[in-house]
Amino acid sequence: MPLYEFRCHDGTVFEATFTMAEVPDQQACPGCGQPARRRISPPRLSIAGTAAYSLTDATKSSAHAPPVVSSTGPVGRAQRYTQNPLHQKLPRP
Ligand SMILES: [Zn+2]
């Protein structure tokens, strides 16, 4: 159920949960009992700041901004793809 925020005339702010179909425009203040009006408040995105959010953010940034390559590897020598000595005996193109 969504969490709604209410504010009383004396400045008391409190929250209450209602279904979206049953949310009232006013709710009795728990401090003074006067009717408090419902406020419009930003949604609380619970995922922001978590590890899952950081991973999603990093994945999105790597898609359009890949890391900069500072070197292309050793020059003048073929790059070895395997360390197995038996592969050195295979025919070369
Ligand atoms: Zn009040």
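Assorted remarks:
- For PHE18, distant residues with modelled amide H under 5 Å away: TYR4
- Length released on extending from ALA58 to ILE40, taking residue separation times 0.36 nm less the Cα-Cα span: 3.3 nm
- Solvent-accessible area, 1.4 Å probe, carbon plus sulfur percent, for the chain: 57 percent
- Summing charges over all other residues whose Cβ lies under 14 Å from the Cβ of GLY31, with Lys and Arg as +1 and Asp and Glu as -1, gives -1.
- Taken one residue at a time, the phi angles of region 55-72 give Karplus couplings (6.51, -1.76, 1.60, θ = phi - 60°) of 5, 5, 5, 5, 5, 5, 6, 6, 6, 10, 9, x, x, 6, 8, 9, 8, 9 Hz. Gly and Pro are set to x.
- Largest GNM mean-square fluctuation across SER71, SER62, SER41, computed for the chain with C-alpha springs under 10 Å, falls on SER71.
- Rounded to the nearest 500, the helix-only mean residue ellipticity at 222 nm of the chain stands at -5000 deg cm²/dmol, with each DSSP H run of n ≥ 4 adding -39,500 (n - 2.57).
The values are calculated or read from the model by the stated rules, or taken from the named source; none is laboratory data. Predicted model only: the values in this text are computed from it and were never measured. Note that we place each Cβ from the backbone using ideal geometry, even for glycine, and neighbour counts take in every protein chain shown. Ligands, DNA and RNA are stripped out before the accessible areas are found, and what is left, the full protein with its side chains, is counted by its heavy atoms. Shrake-Rupley method; radii C 1.70, N 1.55, O 1.52, S 1.80 Å.
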